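Below is one structure, written out as structure tokens, with a few remarks after it.
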Amino acid sequence: MSSNKRTVLVTIEKELEIEFTPTVLHDMTEEEYLTAFRETLWDVDSMDDVFEFAAEMAARYGSGMQHDGLGLVGEHYMTYPRVPDVKFRILNESIDTEITSPEQPS
């Protein structure tokens with residue numbers, strides 16, 4: 001018996017609410033944080049760019065991952081291994097799939 005293969009295009013769209021807890025900025029002002037972010041990571045124009053980065057990390061990797069410039073990213077209810085520095089909540093999610101190649105015996 002042979003197996004079957006298909007190529008499937010999967011499109012995932014998520015709307016997330018992102019919250020930076022006080023531990024993200026520590027004792028810095030937003031401008032000091034942005035300066036440190038630019039010096040150690042890459043150039044950003046504003047905190048909106050950092051929020052977009054945080055949203056991308058949450059969408060790609062989910063809860064429980066540590067990211068440079070952000071700290072621990074996790075869902076809003078997460079408490080283990082600790083409360084996250086950046087919390088997210090999924091407001092809306094849709095997933096579409098489409099077969100992009102015909103059946104291929106292997």
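The values are calculated or read from the model by the stated rules, or taken from the named source; none is laboratory data. Source: prediction; values computed, not measured. Cβ atoms come from the backbone with ideal geometry, glycine included; neighbour counts cover every protein chain shown. Please note that ligands, DNA and RNA were not included when accessible areas were found on the heavy atoms of the full protein model with its side chains. Shrake-Rupley method; radii C 1.70, N 1.55, O 1.52, S 1.80 Å.
Side notes on the structure shown:
- Accessible surface area normalised per residue over the chain is 70 Å², counting heavy atoms of protein chains with a 1.4 Å rolling probe.
- From the largest down, the chain spans 63, 31, 24 angstrom on the principal axes of its Cα atoms.
- Summed residue charge, Cβ within 12 Å of L41's Cβ, Lys/Arg positive, Asp/Glu negative: -3
- Around T11: net Lys/Arg minus Asp/Glu count, Cβ-Cβ under 12 Å: -3
- The HN-Hα couplings worked out from phi for region 14-21 by the Karplus form 6.51 cos²θ - 1.76 cosθ + 1.60 (θ = phi - 60°) are 10, 10, 10, 9, 10, 10, 8, 6 Hz, whole numbers, x standing for Gly and Pro.
- Shown for the chain: the carbon plus sulfur share of the solvent-accessible area, taken with all protein chains present and a 1.4 angstrom probe, equals 49%.
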